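Student: Attaching a single structure in structure tokens format; questions to follow.
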Amino acid sequence: ALSGYYLVFVILLMNGRQLLTNYASYGIYENISMQLALALSGTIVYATGARINFQINEKSGARISTKTSARIIRLAQLAFGVCALIWGGAHFVYMNFTAPMVPKWLPPGQVFWGYLTGVCFIAAGISILSGVKARLAAILLTVMIALLGLLANGPMLVANTASHFNWTESALNLALIGVAWVVADSLTKK
């Protein structure tokens, strides 16, 4: 229910308006993909535990397998793969915002890590979409998002705890760690 509510009100109604007015801005696609990822993880959790894999044949009364849960989960995984592609693209489009978030002490440089993490997001998205080493990619993506939180968001939050932006970024990062983890777990071998 919460995933459905979030999908309709937050993604479609709130962000949909922004998309119509700012369709040429890459940032709106990044924002929508982050919000969509949150709804997708809830959808995966629901589909994993729901009993929606069977329907009753009206004539015979027999239960017929529909594999609905598996289809919902795979659709959510594919949508998450697209989200990862968008996040990776944002690292390239907004390098002027990405690079300064990387600690200056981290060699070989801030721009290098900005581009590398962008490539890693894109590679993970392609892997999840193609199904080639998808679980490994999702696990590594989870680790990378967690490291980004520790190395980029963490110091910014400690340096300025009064900043609403720093708290929002840290909370979103924590939520995206959970999303990537849910996707990685849903990609386990049957």
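The values are calculated or read from the model by the stated rules, or taken from the named source; none is laboratory data. Model, not experiment: these values are computed from the prediction. All Cβ positions, even for glycine, are placed from backbone atoms using ideal geometry, and neighbour counts span all protein chains on display. All accessible areas refer to the heavy atoms of the entire protein, side chains included, with ligands and DNA or RNA removed. Shrake-Rupley method; radii C 1.70, N 1.55, O 1.52, S 1.80 Å.
Student: For Leu150, all conditions in the list (1) aliphatic (A, V, I, L, M); (2) open to solvent by less than 20 Å² (accessible area, probe 1.4 Å); (3) modelled with pLDDT under 95 hold save one; what is the number of the exception?
Tutor: (2)
Student: Just wondering, is there one or more residues in region 123-140 that are open to solvent by 50 Å² or more (accessible area, probe 1.4 Å), at pLDDT 95 or above and among the charged types (D, E, K, R)?
Tutor: For region 123-140, residues open to solvent by 50 Å² or more (accessible area, probe 1.4 Å), at pLDDT 95 or above and among the charged types (D, E, K, R): present.
Student: Test Ala70 against the stated conditions and say whether it is under 29 Å from Gly154 (Cβ atoms) and part of a helix (DSSP H, G or I).
Tutor: No, not satisfied.
Student: If Leu116 meets every condition in (1) closer than 30 Å to Tyr46 by Cα; (2) hydrophobic (A, V, I, L, M, F, W, C); (3) modelled with pLDDT of 95 or more apart from one, which number is that one?
Tutor: Condition not satisfied by Leu116: (1).
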